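Some notes on the structure that comes next.
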Amino acid sequence: MEKFIMWRIRSCQSILPKFNAKGFNQSYSSSSSNYNYKEDCEQIFQKAVDAVLPHNAVKKFLHLNDNILTISDRSYELNRNVHVIAAGKAVLGMVRATQDVLGDHIVGGIASVPYGIQETLKKSGKWEMIPKEQSSFQICEGAKNNAPDTNSLATSKKIHDLATSLQGSDIMLTLLSGGGSALLPLPKPPITLEEMREMVAIMVKHAATISDVNTVRKHTEVLKGGGLAYAAGNASVISLILSDIIGDPIDKIASGPTVTDFSKPETCMEIFRDLNVTDKIPKSIIKVVENEISEFSGHSALPVIREIYAHNVIVGNNKLAVSAANKAAEALGYRTFVLSTELCGEARDIGEIFAFFAGAIVDVVSGDKAKFDSKQRLEDSFGISENVINCVTSLAASALKYGERFCMLGAGETVVNLKGNGKGGRNGEIALSSALVFDLLSEKLRDYDINILSAGTDGQDGPTESAGAFSHTHLIQEAKEQNIDANTYLENNDTFHFFQKVSNGENLFVTGMTGTNVMDLHIMTVARKS
């Protein structure tokens with residue numbers, strides 16, 4: 001796993017340093033001991049989220065001239081023949097954007113959205129992301145805590161019925177984002193909803209990636225793997241997609257409801273074996289997969305593919321978010337470096353990597369590596385190339401030596417290998433694991449103000465009400481003073497309660513659901529103390 005993480009870093013084209021073309025104004029000097037770097041992190045995060053708000057993203061791709069709708073290089077004739085189907089954490093804003101552009105050409109539709117999101121957006125004053133009331137348009141909430149439930153199952157059945165009712169002259173405009181898999185559950189018989197939930201829980205507990213989980217879903221659910229588009233028959237199918245998966249694979253986002261599935265059913269069994277969970281997966285799921293394998297056994301290459309004719313378009317991803325974060329950091333006076341937009345692997349490893357980068361930066365500034373060689377740790381434990389380390393540390397050191405600030409950015413989606421029974425998510429584990437390394441390096445870091453914010457752009461970190469958490473160089477010391485053992489909470493995968501208890505929860509990052517979803521963002525700021 002470690003090699004895979006670092007391959008992503010070494011291969012990513014975004015590792016080149018980003019400089020503010022206007023130079024750095026010394027009024028941004030980090031010498032003030034009262035400066036609030038957490039506020040900087042929050043502002044950088046917010047700018048990233050604003051850049052990928054779904055209503056803005058969708059409007060860039062929809063162009064209506066008279067009755068002709070143009071999307072990318074294709075055109076469609078509209079005549080009150082558009083039916084909208086939406087599923088995901090970010091689709092309410094996407095629905096509103098389509099209403100604003102297409103108006104009365106939308107004759108109805110169904111949106112499957114997370115439980116409570118409408119109220120959250122209203123309380124936040126995000127009225128531009130709330131769909132207009134339309135009698136023939138249903139907004140159905142479900143999938144509380146991002147888990148498929150009876151509400152999302154009932155909505156999925158309605159969506160399937162709508163799709164199968166469409167005619168050749170109709171257009172099915174599908175809006176998809178992260179969270180769509182949990183909001184479109186329709187298991188193939190005899191699989192039950194409870195068995196699908198059990199399978200996902202088992203896979204996640206054994207550190208399966210979202211790609212692994214969605215691959216299995218495509219072979220065990222009706223609407224996944226092109227099933228929704230297939231149900232629409234001869235109707236024209238357009239799908240606008242907000243990506244929440246590294247590399248933007250349209251067949252994996254929301255488990256690809258409108259994308260031809262070229263994967264083999266054997267892949268599901270390979271995933272189970274690799275995770276060592278074959279004996280734990282419900283028998284009905286194994287049976288459905290084995291039946292598919294048997295059905296396709298006479299084909300030497302790929303299985304029989306259902307022909308899916310759909311126009312699939314990515315309208316937003318985390319690269320856009322990171323680009324906006326980078327510009328925001330520059331505007332605040334930071335020299336910046338984008339480590340990668342494809343960070344993956346174990347969450348704890350990513351947290352340690354960021355913290356050891358901070359240590360390596362300080363080593364270069366001070367010229368002192370006697371206490372602990374962070375650079376060596378980055379190379380030996382995580383396989384990060386010397387070129388990448390030197391690029392980051394030299395850029396940061398040149399800024400810090402002249403009283404400037406440094407900001408390192410990263411994004412992607414990590415996994416948590418569940419061993420305990422606590423409450424938390426990927427970003428909480430990244431924040432806490434980085435804090436433990438800061439504590440290890442506390443003596444060498446004492447003259448620096450270092451902060452990390454790790455948060456989900458959807459505003460939700462696992463089954464918690466927080467988006468993520470802050471980490472800083474004195475966090476573990478604060479915990480010790482309150483008789484709170486950080487390692488115990490980390491080992492129990494209970495990071496939410498750790499951050500909730502330490503310093504009255506001031507390091508929890510709570511945003512509410514943002515209305516978008518393009519994976520996680522990690523922000524580290526480094527500055528000298530006065």
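Quick one, what does Rg over Rh come out to for the chain if you take C-alpha atoms and the Kirkwood Rh?
Numbers: Rg = 23.8 Å, Rh = 24.0 Å.
Radius of gyration over Kirkwood radius for the chain works out to 0.99.
Quick check: net charge around residue 54, other residues with Cβ under 14 Å of its Cβ, Lys/Arg +1 and Asp/Glu -1? Write out the running numbers ahead of the final one.
Working: positive: 59, 60, 89, 96, 126; negative: 50, 100, 128, 244, 458.
Here the charged neighbours net out to 0.
Quote the convex hull volume per residue of region 60-316, based on C-alpha atoms, as a whole number of Å³. Write down the numbers at each step before the final one.
Numbers: hull volume 33.1 nm³, N = 257.
Per residue, the Cα convex hull of region 60-316 comes to 129 Å³.
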- When the chain is fully extended, how far beyond the present Cα-Cα distance does residue 290 get from residue 136, taking 0.36 nm per residue of separation? 51.4 nm
- Of 140, 391, ordered by accessible area with the largest first and a 1.4 Å probe, the sequence is 391, 140
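Quote the relative contact order of the chain in percent (integer), defining contacts as alpha-carbon pairs under 8 Å separated by 6+ residues. All intermediate terms of the calculation are to be shown ahead of the outcome.
Values: 1170 pairs, mean separation 101.5, N = 530.
For the chain, the relative contact order is 19 percent.
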- Over all viewing directions the Cα convex hull of region 92-179 casts an average projected area in nm² of 6.1 nm²
- Taking all protein chains as present, what is the carbon and sulfur share of the accessible area of the chain, in % to the nearest whole number, probe 1.4 Å? 47 percent
- Can you spot the lysines whose alpha carbon is less than 30 Å from residue 529's alpha carbon? Ignore those fewer than 8 places along the same chain. 18, 22, 38, 47, 327, 369, 371, 375, 401, 444, 480, 501
- Would you be so kind as to identify which of 493, 403, 503 lies farthest towards the positive end of the dipole of the chain, taking Lys and Arg as +1 and Asp and Glu as -1 on Cβ and the Cα centre as origin? 403
- Task: Could you calculate the FRET efficiency of residue 401 with residue 491 from 1/(1 + (r/R0)^6), where r is the beta carbon distance between them and R0 is 56 Å, rounded to 0.05?
- Result: 0.90
- Express as a percent, rounded to the nearest 5, the fraction of DSSP beta bridges in region 60-316 (both residues included) that run antiparallel. 20 percent
- By the mean-Cβ-within-10 Å protection proxy, highest first, 515-528, 248-261, 76-89 rank as 515-528, 248-261, 76-89
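In square angstrom, what is the accessible area per residue of region 60-316 with a 1.4 angstrom probe? Don't skip to the end; give the middle numbers.
Numbers: 10760 Å² over 257 residues.
Per residue, region 60-316 has an accessible area of 42 Å².
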- Rounded to the nearest 20 debye, dipole of region 139-278 from Cβ charges on Lys, Arg, Asp, Glu: 120 debye
- How do the peptides 392-398, 176-182 rank, highest first, by the average count of neighbouring beta carbon atoms within 10 Å per residue? 176-182, 392-398
- Whose amide H sits under 5 Å from the amide H of residue 449, counting only residues 5 or more places off or on another chain, with H placed in the peptide plane? 527, 528, 529
- Item | Normalised alpha carbon radius of gyration of region 321-528 [divisor 2.2 N^0.38 Å] | 0.96
- Item | Additional length obtainable on full extension of the chain from residue 201 to residue 267, 0.36 nm per residue less Cα span | 21.9 nm
- Message: Suppose every Lys and Arg Cβ carries +1 and every Asp and Glu Cβ carries -1, with no other charges. What dipole size does the chain come out with about its Cα centre, to the nearest 20 debye?
- Response: 600 debye
- Message: If the reach is capped at under 25 angstrom between alpha carbons, list the lysines near residue 224, excluding any in the same chain fewer than eight residues apart.
- Response: 89, 144, 157, 158, 188, 205, 252, 264, 280, 283, 287
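Please report the antiparallel percentage of DSSP beta bridges with both residues in the chain, rounded to the nearest 5.
Values: 33 of 71 bridges.
Beta bridges within the chain, antiparallel portion: roughly 45 percent.
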- Among DSSP beta bridges lying fully in region 321-528, give the percent that are antiparallel, nearest 5. 75 percent
- Where the centroid of each part is defined by its Cα atoms, how far is region 430-446 from region 448-492 in Å? 12 Å
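The values are calculated or read from the model by the stated rules, or taken from the named source; none is laboratory data. As the structure is a prediction and not an experimental result, all values here were calculated from the model. Here the Cβ is made from the backbone with ideal geometry for all residues, glycine too, and neighbour counts use every protein chain on show. Heavy atoms of the whole protein, side chains included, go into the accessibility calculation; ligands, DNA and RNA do not. Shrake-Rupley method; radii C 1.70, N 1.55, O 1.52, S 1.80 Å.
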